[in-house]
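Trainee: Just dropping this structure here.
Quick note: the coordinates plus some simple rules give every number you see, no bench work behind them. Not measured: the values here are computed from a predicted model. Neighbour counts are summed over all protein chains in view; Cβ atoms, including those assigned to glycine, are modelled from backbone coordinates with ideal geometry.
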Amino acid sequence: MKDTFDISYYESPIGLIQIKSINQKICSVLFVEKETEPFTIDTPLNKECIKQLKEYFAGIRLQFDLPVFQIGTDFQQKVWAEVYKIPYGDTCTYSLLAHKIGDIKSIRAVGTTNGKNKIAIIVPCHRVIGSDGSLTGYAWGLDKKEWLLKHEIEHSGPVEGRLF
């Protein structure tokens with residue numbers, strides 16, 4: 001089994017994105033300040049990820065079709081699976097996510113798990129907001145979260161019940 005990452009970079013409209021894959025699965029899509037690896041490996045999977053990200057930023061891709069993998073507890077996996085289901089152009093609250101995973105008292109743990117998501121945009125943690133519609137927390141800055149949400153709203157049209 002392979003134990004090294006294939007790493008690529010993509011300059012998105014809102015900053016540099018580092019893509020890591022291992023064993024034919026995307027395991028990390030992170031906003032970074034600069035290229036930190038001495039070399040990159042643009043595998044077919046990483047190239048496909050870049051292609052799909054370009055389509056997303058062009059407003060023509062509403063859902064990603066990539067194999068992904070994150071290391072996490074069963075609880076974290078449940079949260080990320082629910083986050084992945086949030087439709088393009090829509091939002092969900094931390095409390096609604098806690099309800100969806102069957103543990104309404106886990107709102108803070110849901111927020112912490114959402115903040116540990118390593119697959120930005122594809123596992124759309126930017127779509128999770130406060131119950132009052134506020135843009136609470138985003139590992140890469142609220143400016144990016146706001147940009148991503150506005151971008152999706154612009155390309156998706158009105159969504160009934162949207163809080164943001």
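Trainee: Sorting GLU55, GLU154 on the 10 Å Cβ count, fewest up front, what's the list?
Mentor: With the fewest neighbours first, GLU55, GLU154 line up as GLU154, GLU55.
Trainee: Okay, moving on. When averaged across all projection directions, what area in nm² does the alpha-carbon convex hull of the range 74-156 cover?
Mentor: With every direction weighted equally, the projected area is 4.8 nm².
Trainee: Using only the Cα atoms of the range 1-117, build the gyration tensor, take square roots of its eigenvalues as a ≥ b ≥ c, and label the shape rounded, prolate or oblate: rounded if a/c is under 1.5, else prolate if a/b is larger than b/c, else oblate.
Mentor: Prolate, because a/c is 1.5 or more and a/b exceeds b/c.
Trainee: Per DSSP helix of 4 or more residues, -39500 (n - 2.57); summed, then divided by the residues of the chain. What does that give at 222 nm, rounded to the nearest 500?
Mentor: It comes out at -10500 deg cm²/dmol, rounded to the nearest 500.
Trainee: Give me the lysines in straight-line cross-link reach of LYS150: C-alpha distance below 20 Å, same-chain residues under 8 apart excluded.
Mentor: LYS54, LYS85
Trainee: In the structure displayed, which of LYS116/LYS144; LYS25/LYS51; LYS118/LYS144; LYS78/LYS116; LYS20/LYS118; LYS47/LYS116 lie more than 18 Å apart, Cα to Cα?
Mentor: Pairs exceeding the cut-off: LYS47/LYS116.
Trainee: Same structure again: Give the cross-link partners of LYS105 among the aspartates and glutamates, using a straight C-alpha distance below 20 Å as the criterion and excluding same-chain residues fewer than 8 apart.
Mentor: Reachable aspartates and glutamates: ASP74, GLU82, ASP132.
Trainee: Looking at the range 35-102, what % of the alpha carbon pairs are farther apart than 20 Å?
Mentor: 49
Trainee: Just to be sure I understand the model, the point goes 7 Å from the Cα along the line to the Cβ. What's the resulting LEU30 to ASP74 distance in nm?
Mentor: 2.8
Trainee: Compute the FRET efficiency between GLU48 and SER134 as 1/(1 + (r/R0)^6), taking r as their Cβ-Cβ distance and R0 = 41 Å, and round to the nearest 0.05.
Mentor: 0.70
Trainee: Further question on the same structure: What spacing in nm lies between the two simple spin-label points modelled at HIS99 and ALA58, each 7 Å away from Cα in the Cβ direction?
Mentor: 3.8
Trainee: For the range 6-57, what does the alpha-carbon gyration tensor say about shape, rounded, prolate or oblate, given a ≥ b ≥ c as the root eigenvalues, a/c under 1.5 as rounded, and a/b over b/c as prolate?
Mentor: Because a/c hits 1.5 or more and a/b fails to exceed b/c, the range 6-57 counts as oblate.
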